[in-house]
Amino acid sequence: MKIICFHASLACLLLLALPVHAAPLEANGNVNYRGSLLNSLSRFEKEKKGHVAFIGGSITEMNGYRPMVCEILRKRFPETQFSFTDAGISSTCSTTGAFRLKSDVLDKGPVDLFFVEFAVNDDQDAAHARRDCIRGMEGIVRHARADNPNADIVITYFVNPGMMETIGGSGVPISIAGHDEVARHYGISTINLAKEVTQRIADGKLTWKKFGGVHPAPFGNAICTGMIDQLLSAAWRKPSEADAAGKPHPVPPKPLDEQSYFNGRFVDPAIANILSGWKLHVPKWKELPGNCRGRFLETPMLCTTKPGAELKLEFNGRAVGAYLLAGPDVGTVEASVDGGPSRSIDLYHRYSRGLHYPRTVMFAADLAPGKHVLTLRVAVDRNAASSGHAVRIIQFTAN
């Protein structure tokens with residue numbers, strides 16, 4: 001495994017905020033080239049085609065680093081016909097990413113170059129433990145490589161103030177530590193923007209305001225883009241190396257965690273066996289408290305507002321959960337698998353107060369492989385901050 005480290009060039013970043021072929025400066029370990037990115041180079045140069053995909057939270061969904069990276073690729077390969085997949089969804093974490101990977105990315109066709117971003121959302125939205133950061137990220141990486149062994153992957157770590165404080169104290173944020181363990185295990189290149197920004201601010205070369213905050217300003221996104229451009233320059237420094245491309249990336253025989261979500265997928269809520277109180281329909285959002293983002297306004301969901309509403313779902317795998325909207329009126333559910341003890345799960349999130357917040361909640365994540373039956377019932381008890389017992393399921397999740 002080879003690792004080459006570069007420092008992003010600030011001078012290039014200031015050039016229209018879209019650096020191309022940025023010159024490397026001081027090596028500081030924030031741009032880590034692992035394995036190979038030659039398969040995508042070969043596709044772009046020889047076949048003049050390429051599918052580039054991005055998955056992440058709002059930092060990916062926003063008009064930020066993603067369109068900038070698309071632009072530098074167009075400039076590098078002006079004769080190449082690109083298709084770009086934007087699979088960024090605000091508020092979602094790597095767990096949700098692992099379950100929506102197939103429908104949102106892989107079903108669009110084989111991916112040649114894949115950018116993944118979930119460090120901030122795994123930290124501030126999901127507040128994941130390291131185990132969950134690994135299960136989500138490994139689920140994405142291992143599943144993507146199973147779908148297309150030639151897929152080149154880059155993982156980027158964005159940052160928030162709490163993560164900066166940890167880095168400034170010589171620590172590693174939990175989400176970055178988990179994601180980086182996956183990256184090392186699979187030989188994945190990484191962009192540690194979080195550490196880069198923290199170091200620049202400590203050195204007096206940048207301010208948090210100029211960077212733009214958790215959702216970076218164009219200047220901040222250009223720093224990330226410059227680091228990615230330097231990674232690509234290192235990986236593609238000799239065009240003739242593309243002759244060695246077309247080789248499947250090695251995949252370790254054993255995952256870091258056998259329960260990681262690398263078989264993650266959505267399960268249509270329409271197949272659930274409704275026992276009482278549930279209905280598949282588009283909620284009447286104008287009549288409900290709280291805001292709902294536009295992408296969900298026309299989405300049919302399996303809904304109930306009644307305590308005691310019950311359903312059963314047959315599924316195959318090691319884990320089961322639901323991708324749902326948790327709003328101001330969201331309830332608590334009791335989940336049981338194969339007739340076992342019920343587990344009470346409060347669906348209310350700290351961001352639910354004014355928003356129907358998209359999140360994935362796992363009902364069981366450490367099952368034996370095979371066929372199972374989930375029983376889901378709405379509890380009488382609810383979070384004290386909630387105004388109701390609503391449950392609105394977009395998709396069930398299974399692994």
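The values are calculated or read from the model by the stated rules, or taken from the named source; none is laboratory data. This structure is a prediction, so every number in the text was calculated from the model and none was measured. Glycine gets a Cβ as well: all are built from the backbone with ideal geometry, and neighbour counts include every protein chain shown.
Return the total of residues in segment 323-343 being in contact (Cβ under 8 Å) with a residue 12 or more places away in the chain and more than 10 Å from Arg382 (Cα to Cα).
Counting residues in segment 323-343 that are in contact (Cβ under 8 Å) with a residue 12 or more places away in the chain and more than 10 Å from Arg382 (Cα to Cα) gives 14.
Residues being over 23 Å from the mean Cα position of the chain (by Cα) and part of a loop (DSSP other than H, G, I, E, B): count how many of those fall in segment 249-297.
10
Filter segment 90-116 for residues that are surrounded by fewer than 16 Cβ atoms within 10 Å (Cβ to Cβ) and of a type in the set (S, T, N, Q) and give the result.
Residue satisfying the conditions is Ser103 alone.
State all residues of segment 375-399 that are buried (at least 22 other Cβ atoms within 10 Å of the Cβ) and part of a loop (DSSP other than H, G, I, E, B); if no residue qualifies, say none.
His389, Asn399 - these are the residues of segment 375-399 that are buried (at least 22 other Cβ atoms within 10 Å of the Cβ) and part of a loop (DSSP other than H, G, I, E, B).
Listed residues Arg34, Arg43; which is in the same structural domain as Ala235 (by TED's automatic domain parsing), of a type in the set (D, E, K, R), over 20 Å from Ala194 (Cβ atoms) and modelled with pLDDT of 50 or more?
Arg43
Filter segment 298-313 for residues that are in a loop (DSSP other than H, G, I, E, B) and not hydroxyl-bearing (Ser, Thr, Tyr); which is surrounded by the most Cβ atoms within 10 Å (Cβ to Cβ)?
Going through the qualifying residues, I end up with Ala309.
Within the set of pairs 6 or more residues apart or between chains, which connect a residue that is over 21 Å from Ile155 (Cβ atoms) inside segment 197-225 to a residue that is at pLDDT below 95 and among the charged types (D, E, K, R) with Cβ atoms less than 9 Å apart?
none
Give Ala119, Ala87, Ala127, Ala177 a once-over and let me know the one that is closer than 22 Å to Leu256 by Cβ and buried (at least 19 other Cβ atoms within 10 Å of the Cβ).
Ala119
With respect to Pro369, determine if the residue is more than 30 Å from Ser58 (Cβ to Cβ) and within 27 Å of the chain's Cα centre (by Cα).
yes
Would you confirm, using the coordinates I've provided, whether Ser90 is at pLDDT below 95 and either basic (Lys, Arg) or in the same structural domain as Ser233 (by TED's automatic domain parsing) (or both)?
When the stated conditions are applied, Ser90 does not pass them.
Looking at segment 146-159 only, could you name the residues that are of a type in the set (A, V, I, L, M) and assigned to a loop (DSSP other than H, G, I, E, B)?
Selection gives Ala151, Val159.
Which residue, of Gly321, Gly277, is touching a Pro at 6+ places or on another chain (Cβ under 9 Å) and surrounded by 14 or more Cβ atoms within 10 Å (Cβ to Cβ)?
Gly277
Is it the case, given these coordinates, that Asn221 is within 29 Å of Cys93 (Cβ to Cβ), outside any helix (DSSP H, G or I) and not aliphatic (A, V, I, L, M)?
Judged against the criteria, Asn221 is not a match.
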